[in-house]
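The values are calculated or read from the model by the stated rules, or taken from the named source; none is laboratory data. Please read all numbers here as calculations on a predicted model, not as lab measurements. FYI the Cβ positions are ideal-geometry reconstructions off the backbone, even for glycines, and counts take in every protein chain you see. Only protein heavy atoms, including side chains, enter the accessible area calculation; ligands, DNA and RNA are left aside. Shrake-Rupley method; radii C 1.70, N 1.55, O 1.52, S 1.80 Å.
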Amino acid sequence: MKIIHKAIAKERICALVLLAFFAATMPSADAKHRAAKPSEQPATVVAHLALSGSSTSQMDLHENGGKQYLYISANSNEGVTVVDVTNPGQPKVIRRLAWPNEASTGRLQMVSGGLALAEGPDNDSMAATPPPSTTVTVLDLSDLANPRTVLSFSGVTSTLQDEAHNLVYITNREGLWILRDNQALAAAAKRHACTSDDAYNDVASCE
C-alpha cells in the first residue's frame, strides 16, 4: 500500500508541473498572436494634387461662405496658386496669381481675412545701392476665389502691420504710406445685440 501511494503522489506532482508549465506558456503565445495582428494606420492620404513649378514656400488657409481656399506661394514666377479644398478629397486649382513685377520669387503676407500683401523684388533690387526693394501689391480677398489688386507700391523697403488699429505701414522711395484695412473695420463694426451699455450711446450701434 505504501509503494502504491508513493507512485500516485509522484504522478500527481508530474501532472501539476505540466499544468503549471502550460499555464505559464499559454498567455505569452496568446500575446504573440495579438501582436501579429495588423494595426490601423495613424494617417491616410485623402487626395493628391500635382503642382507645377518650383517648391512651395508658404501656405495659408482661409474660409468664407462655407468654402475653404488654400493659398500656396511658390518660389517661381507662378506666384500664388489658389486651391479650393472645401472637399479635401477633390482639391481644385481655381486661379494662379503672378508675383508683382513679374518676379521669380515673392511672399504673400496676410493682413486680415479680406486683405493681403503680395511682395516681389523690383527689377533693380539686385543692385548693391540703394538697398534691395520690392513691389507690393495690395490684394482684396473679400472674394477668396477671385483676389483682385486694389493698390500697388514700387520701391518698397519695409512694411509693418498694426493689427490692433487695422493699419498697414509701407515705406518706399517716396516716403511713408499708411493704409487702413476698411474690411476689418467693417467686420468689427457689425451690429450686435443691445446691452445696457448701449443705452448711453448717442448713435445706435446695436439691434
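What's the number of the only condition in (1) among the acidic types (D, E); (2) part of a strand (DSSP E or B); (3) open to solvent by 40 Å² or more (accessible area, probe 1.4 Å) that E119 fails to meet?
Tallying (1) among the acidic types (D, E); (2) part of a strand (DSSP E or B); (3) open to solvent by 40 Å² or more (accessible area, probe 1.4 Å), E119 fails exactly one: (3).
V82 fails exactly one of the following numbered conditions: (1) surrounded by 10 or more Cβ atoms within 10 Å (Cβ to Cβ); (2) on the phi > 0 side of the Ramachandran plot; (3) at pLDDT 80 or above. What is the number of that condition?
Going through (1) surrounded by 10 or more Cβ atoms within 10 Å (Cβ to Cβ); (2) on the phi > 0 side of the Ramachandran plot; (3) at pLDDT 80 or above one by one, V82 breaks only (2).
Where residues in the stretch 142-155 are touching a Ser or Thr at 6+ places or on another chain (Cβ under 8 Å) and either surrounded by fewer than 21 Cβ atoms within 10 Å (Cβ to Cβ) or modelled with pLDDT under 90 (or both), which of them is nearest to P91 (Cα to Cα)? Let's see the steps before the verdict.
Step one: list which residues in the stretch 142-155 are touching a Ser or Thr at 6+ places or on another chain (Cβ under 8 Å), which gives 149, 151-155.
Add one more test, that the residue is either surrounded by fewer than 21 Cβ atoms within 10 Å (Cβ to Cβ) or modelled with pLDDT under 90 (or both), and what stays is 149, 151-152, 154-155.
Details: T149: 25, L151: 30, S152: 31, S154: 34, G155: 36 Å.
Per the stated criteria, the residue is T149.
Across the stretch 164-173, which residue is farthest from Q183 (Cα to Cα) among those that are touching a Ser or Thr at 6+ places or on another chain (Cβ under 8 Å) and either surrounded by fewer than 13 Cβ atoms within 10 Å (Cβ to Cβ) or among the aromatic types (F, W, Y) (or both)?
Taking the stretch 164-173 and keeping what is touching a Ser or Thr at 6+ places or on another chain (Cβ under 8 Å), we get 166, 168-173.
From what is left, the residues that are either surrounded by fewer than 13 Cβ atoms within 10 Å (Cβ to Cβ) or among the aromatic types (F, W, Y) (or both) are 169, 173.
Working: Y169: 17, R173: 28 Å.
Across the stretch 164-173, the extreme among qualifying residues is R173.
Tally up the residues in the stretch 42-79 that are closer than 17 Å to A118 by Cβ, at pLDDT 80 or above, part of a loop (DSSP other than H, G, I, E, B) and open to solvent by 30 Å² or more (accessible area, probe 1.4 Å), please.
Number satisfying all stated conditions: 0.
Here are some conditions: (1) open to solvent by 30 Å² or more (accessible area, probe 1.4 Å); (2) in a loop (DSSP other than H, G, I, E, B); (3) modelled with pLDDT of 85 or more. K190 meets all but one. Which one does it not meet?
Tallying (1) open to solvent by 30 Å² or more (accessible area, probe 1.4 Å); (2) in a loop (DSSP other than H, G, I, E, B); (3) modelled with pLDDT of 85 or more, K190 fails exactly one: (3).
Scan the stretch 87-103 for residues that are free of Cβ contacts under 8 Å to residues at least 40 places away in the same chain, assigned to a loop (DSSP other than H, G, I, E, B) and either out of contact with any strand residue (DSSP E or B) (no Cβ under 7 Å at 6 or more places or on another chain) or exposed (fewer than 14 other Cβ atoms within 10 Å of the Cβ) (or both) and jot them down.
N87, A98
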